[in-house]
Amino acid sequence: MAPLSLKGLRKSFGKVRALDGIDLDIADGEFFCLLGPSGAGKTTTLKAIAGLEPPDEGRVEIGGVDMDGVEPYDRGVAMCFESYALYPHYTAYDNMASPLRSPRHRLPAAEARERIGRFAELLGISHLLDRNVGELSNGQRQRVALGRVLVRPAAAFLLDEPLSHLDAKLRQAMRAELKTIGAVERTTTLYVTHDYVEALGLGDRIGVIRDGRIVQVGTREQIWNEPADTFVANAFGKPRINLVPGEIAAGGRLRAADGAIDLPVDAGLAPGRAVTLGVRPRDLLLLRGDEAPPDGTAEVGARVYVTEVLGRQSEVTVTAGDQRLSLVVPREDASGLAPESPVRLGVPAGRVLLFDPSEGGR
Ligand code: ATP
């Protein structure tokens, strides 16, 4: 059993506080994604777990055992760095085999061959095994590096942006493979990324990190539907969530965008209270002709600003009062929407999130 537990991890580099009290519990066999912007402390967290960057304060437990004083190679974790350190003059096969030849992790030759073959196939690099790594493309090398980590039976995998050098199509394919590997191996995996699509697609649960702190942990539904604050809400979704300053008005209504938005809200907030209204572009409706808004949906008058085709859907940016709002609708619904033409939007009250304008919290 190898759950991972981080308690109050702090780490500074000179004046830079890289980790500012990281608390995190990852269950045995869980595939956990840590998402955050550049410099948030993702790599430092992984290095603290691997024992490569000891924290100034706090505890790392792997499988319930305190890792204080335990050397990196005795921790039972396998880590893949974004800058993969492969042996350029070795073949891909020998690179993948190298961890299995070390005295600590030696596997019987037949078992090593079987594992390398299996992971090479899952990663789509079987045909590259005899090639020297120095001759491979960046994306191919990255897959070899990932293979080298995964072949070694470990208590936990620590993966740092392992798909960052792959093109979009391959990345998508590899996400599916990684999910399969995760499901088959059931090895606790901590996967670091700054790509929200990757986090939503891969993680059993997701943790969002900002400025060395975990700001929210949850399932993809929780993170998407109930973001803890505007930072988390902004980090997921493209186009980004619409965030509009507003105010609670008498009679339990929310008014925003110079009065263009006027919705009933059931938040128990006092009139006059300033709020930030959040609504995702995919949750807004475009009402056609004289179509009445569905139950529980408020109507908002707006004007088209610009439309942009995104594959089968279109992003429509509109102006409502003094605000710009984005919505994503089927492409055919947006065709013929000329700039400046009046439109009516439906804002489903149940999909509206309210945030505190100063702290950003819900
Ligand atoms: P990225 O997505 O860009 O890799 P990250 O979330 O992994 O970012 P970290 O690499 O953990 O972020 O860095 C967190 C902070 O600590 C950053 O401000 C970084 O500059 C600083 N930092 C990390 N390692 C060192 C180091 N060895 N010396 C000095 N500062 C460091």
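The values are calculated or read from the model by the stated rules, or taken from the named source; none is laboratory data. Since this is a predicted model, take the numbers as computed values, not measurements. Here the Cβ is made from the backbone with ideal geometry for all residues, glycine too, and neighbour counts use every protein chain on show.
Taking LEU24 as the residue in question, decide whether it is modelled with pLDDT under 95 and out of contact with any His (no Cβ under 6 Å at 6 or more places or on another chain). Judged against the criteria, LEU24 is not a match.
In segment 266-288, the residues that are in contact (Cβ under 8 Å) with a residue 40 or more places away in the chain form Cβ pairs under 8 Å with partners that are in a loop (DSSP other than H, G, I, E, B) and acidic (Asp, Glu), at six or more places apart or across chains, as follows: VAL275/ASP356; THR276/ASP356.
Residues of segment 26-43 that are within 15 Å of the ligand (Cβ to nearest atom) and either surrounded by 22 or more Cβ atoms within 10 Å (Cβ to Cβ) or without any contact (Cβ under 8 Å) to a residue 12 or more places away in the chain (or both): CYS33, LEU34, LEU35, GLY36, GLY39, ALA40, GLY41, LYS42. Would you confirm whether or not segment 1-15 contains a residue that is within 20 Å of the chain's Cα centre (by Cα) and closer than 15 Å to ARG213 by Cβ? Among the residues of segment 1-15, at least one is within 20 Å of the chain's Cα centre (by Cα) and closer than 15 Å to ARG213 by Cβ, which makes the answer yes.
Determine, yes or no, whether LYS169 is free of Cβ contacts under 8 Å to residues at least 24 places away in the same chain, charged (D, E, K, R) and either within 24 Å of LEU136 (Cα to Cα) or assigned to a helix (DSSP H, G or I) (or both). For LYS169, the condition - free of Cβ contacts under 8 Å to residues at least 24 places away in the same chain, charged (D, E, K, R) and either within 24 Å of LEU136 (Cα to Cα) or assigned to a helix (DSSP H, G or I) (or both) - is met. For segment 243-265, the tally of residues that are surrounded by fewer than 15 Cβ atoms within 10 Å (Cβ to Cβ), touching a residue at least 24 places away in the same chain (Cβ under 8 Å) and not in a strand (DSSP E or B) stands at 2. Any idea which residue in segment 310-345 is surrounded by the fewest Cβ atoms within 10 Å (Cβ to Cβ), counting only those that are in contact with a helix residue (DSSP H, G or I) (Cβ under 6 Å, 6 or more places away or on another chain) and among the aliphatic types (A, V, I, L, M)? This residue is VAL328. If you check ASP23 against the conditions, is it surrounded by fewer than 16 Cβ atoms within 10 Å (Cβ to Cβ), more than 16 Å from the ligand (Cβ to nearest atom) and either under 21 Å from the mean Cα position of the chain (by Cα) or touching a residue at least 60 places away in the same chain (Cβ under 8 Å) (or both)? In short, yes.
Filtered by the rule that a residue be touching a residue at least 40 places away in the same chain (Cβ under 8 Å), aliphatic (A, V, I, L, M) and part of a loop (DSSP other than H, G, I, E, B), segment 108-139 gives LEU123, LEU136.
A quick yes/no check of all residues on (1) within 16 Å of the ligand (Cβ to nearest atom); (2) modelled with pLDDT of 90 or more; (3) among the basic types (Lys, Arg):
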| residue | (1), (2), (3) |
| --- | --- |
| GLU111 | no, yes, no |
| GLU114 | no, yes, no |
| ALA120 | no, yes, no |
| LEU128 | no, yes, no |
| ARG131 | no, yes, yes |
| ASP160 | yes, yes, no |
